[in-house]
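Trainee: Sharing a structure with you now.
The values are calculated or read from the model by the stated rules, or taken from the named source; none is laboratory data. No experiment lies behind these values; they were computed from the predicted model shown. Note: ideal-geometry Cβ built from the backbone for every residue, glycine included; neighbour counts use all protein chains shown. Accessible surface areas use protein heavy atoms only, side chains included; no ligands, DNA or RNA. Shrake-Rupley method; radii C 1.70, N 1.55, O 1.52, S 1.80 Å.
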Amino acid sequence: MAIVDLYPTSLRLLGRPVLVVGGGTVAARRAKALLDAGAQVTLVAPVLCAPARELADAGLLTWHARGYESADMVGAWYAVAASKNSAVDALVAADAESHRTWCVNHSDAEESAAWTPAVATVEDIKVAVNAGGDPLRAVAIRNAIAAALESGDLPLARYRTASGGRVALVGGGPGAEDLITVRGRRLLAEADVVVADRLGPRGLLETLGKHVEIIEVGKTPGHHPVPQVEINAILVREALAGKRVVRLKGGDPYVLGRGGEEAIACRENGVDVEVVPGVTSAVSVPAAAGIPVTHRGLAKAFTMISGHEELENVPSGSDHTVILLMGVGTLNRSMPILEAAGRGKDCPVAIIENGYSKDQRVTIGTLGTIVALAQAGQVRNPAVVVVGDVVRVSPLAPPELATANYGTRETFSSLS
């Protein structure tokens, strides 16, 4: 079907009277969509299907329980003919034409003065698709566009900036670009300013438009070129300037990421702030080496702690997993403490560097050997240290550490 005479537009029907003729499921869907747009809907049909009856019973529309009469068209701004009777629908369409009212005739798309597109709404974006009179094709295309909008694969940046900026603290996950959440990816695509750490999905920054300002505030252990108080000030300043700001962080904003401080700073300065959780490296990076932080028969709980914190109060025993973040530089101090706390020098330890990147490297030893192994291998941050019997599950564990009773090497062989 040719669509050269189709002129796409969007009707603003808030408070305007519209007419729907028919009581079936199509009429119910159209009536619901018109109500969502704020229209004053009059529904004419002798009998209603269950969804239409729910709208009528809730008092959301005016229902005339009879057949259509030409007088029903008077005053309508828009009409839908969906009675399932072609003669009735033709009369509705003819009356609409005489009143210069746009009408969708569901009995005769070829002669219909207007078509109803397949519609998707993603936040403040509304997409309408016509596909030459093929509704299933239109729906398929609509769904593909909606999915791309949801994922942030389509450009979402605003060029007419709405009044009032905002901040989104987005957890980017352990570093792989496809481990950021869908919501985080979409907010990144909408951003005017990105305040970026050195960790997280750095490759996504290259996909942003040239108009997006990237402010680097990355920290390394012992070296914080941009102090936290200044990072907080940057977020507030840019948002108060009316910009949509994304604070792109590695892992999760609230797991050793000082996201709580940033959120408080925004709220104290009247800035709207949203927190988008991320996949924390404390759990995901061990998984990249085939290590579950808990495992039936080996560990029922785990403690995640910074390598800079005191370890004396961490639960003892190798059946309680200990996850150390930022712990490479303090191995000389932390490993003896954990060994003395009921684990012993033979307790397995794994260090996973650059989890989920092409440079990922795993070093496995014990509390008695890991310091020397790390020194010999020149292990560096970013890395996650895992201490406990769960390390035995890794397909990378040497034979003397692997736990044959749990079938670990076969179960996780695809990760090796």
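Trainee: In a shell of Cβ-Cβ distance under 11 Å around C347, excluding C347 itself, what net charge do Lys and Arg (+1) and Asp and Glu (-1) give?
Mentor: With Lys, Arg at +1 and Asp, Glu at -1, the neighbours total -1.
Trainee: Can you say what percent of the DSSP beta bridges in the chain, counting only those with both residues inside, are antiparallel? Round to 5.
Mentor: Bridges in the chain are about 35 percent antiparallel.
Trainee: Compute the label zone of K126 within the range 1-45: residues whose backbone N is under 11 Å from the point 7 Å along Cα-to-Cβ.
Mentor: 9-14, 33-39, by backbone N distance to the label point.
Trainee: What residue among L149, L298, L13 has the largest mean-square fluctuation in a Gaussian network model of the chain, using Cα springs under 10 Å?
Mentor: Top of the fluctuation ranking is L13.
Trainee: What are the ³J(HN,Hα) values, in whole Hz, obtained from phi via the Karplus relation 6.51 cos²θ - 1.76 cosθ + 1.60 with θ = phi - 60°, for each residue of the range 145-155 in sequence order, with x given for Gly and Pro?
Mentor: In residue order, the calculated couplings are 5, 4, 5, 5, 5, 4, 7, x, 6, 9, x Hz.
Trainee: Where the Cα atoms of the range 292-373 are projected onto their three principal axes, how long is each span, largest first, in whole Å?
Mentor: 35, 30, 22
Trainee: Longer than 28 Å from Cα to Cα, which of K249/K345; K243/K358; K126/K210; K126/K358 are they? Say none if no pair is.
Mentor: K249/K345; K243/K358; K126/K358
Trainee: Hey, can you grab everything whose amide H is under 5 Å from the amide H of V195? Only 5+ residues off in sequence or another chain; H modelled, so Pro and N-termini drop out.
Mentor: Answer set, sorted by chain and number: I215, V246, R247, L248.
Trainee: What does the helix-only formula give at 222 nm for the chain: each DSSP H stretch with n ≥ 4 adding -39500 (n - 2.57), the total divided by the residues, and the result rounded to the nearest 500 deg cm²/dmol?
Mentor: Helix contribution divided over all residues of the chain: -7500 deg cm²/dmol.
Trainee: What FRET efficiency do you get for S86 and A147 if R0 is 56 Å and r is their Cβ-Cβ distance, rounded to the nearest 0.05?
Mentor: The calculated FRET efficiency here is 0.95.
Trainee: Moving on. List, in order, the whole-Hz ³J(HN,Hα) value for each residue of the range 48-62 obtained from phi through the Karplus relation with A = 6.51, B = -1.76, C = 1.60 and θ = phi - 60°; use x for Gly and Pro.
Mentor: 10, 6, 4, x, 5, 4, 4, 5, 5, 5, 7, x, 7, 8, 9
Trainee: Using a 1.4 Å probe and counting only protein heavy atoms, arrange I264, I180, I214 so the residue with the most accessible area comes first.
Mentor: I264, I214, I180
Trainee: Kirkwood hydrodynamic radius, computed over distinct alpha-carbon pairs, for the chain: how many Å, to one decimal?
Mentor: So the Kirkwood estimate lands at 25.9 Å.
Trainee: Given G297, S284, V322, which one lies farthest toward the positive end of the charge dipole of the range 281-350, if we put +1 on the Cβ of every Lys and Arg and -1 on the Cβ of every Asp and Glu?
Mentor: Farthest along the dipole direction, towards plus: G297.
Trainee: Ok, one more. For the pair R296 and V226, what calculated FRET efficiency results from E = 1/(1 + (r/R0)^6), where r is the Cβ-Cβ distance and R0 = 25 Å, to the nearest 0.05?
Mentor: The formula returns an efficiency of 0.05 here.
Trainee: Where both partners of a DSSP beta bridge lie in the range 1-156, what percent of those bridges are antiparallel, to the nearest 5?
Mentor: Close to 25 percent.
Trainee: Of the options V273, V119, I215, report the single residue whose Cα projects farthest towards the positive end of the charge dipole of the chain (beta-carbon charges: Lys, Arg +1; Asp, Glu -1).
Mentor: I215
Trainee: Note down the magnitude of the dipole of the chain about its Cα centre, charges +1 on Lys and Arg C-beta and -1 on Asp and Glu C-beta and zero elsewhere, to the nearest 20 debye.
Mentor: So the magnitude is around 320 debye.
Trainee: Per 0.36 nm of contour for each residue apart, how much would the distance between E309 and A71 grow if the chain were fully extended, relative to their Cα-Cα spacing?
Mentor: Fully extending the segment from E309 to A71 adds 77.8 nm.
Trainee: Using the Cα centre of the range 128-190 as the reference point, and only Cβ charges (+1 on K/R, -1 on D/E), how large is the resulting charge dipole? Debye, rounded to the nearest 20.
Mentor: Roughly 280 debye for the range 128-190.
Trainee: For the chain, set up a Gaussian network in which alpha carbons nearer than 10 Å are linked by springs, and say which option among A71, A189, A114 fluctuates the most.
Mentor: Fluctuation is largest for A71.
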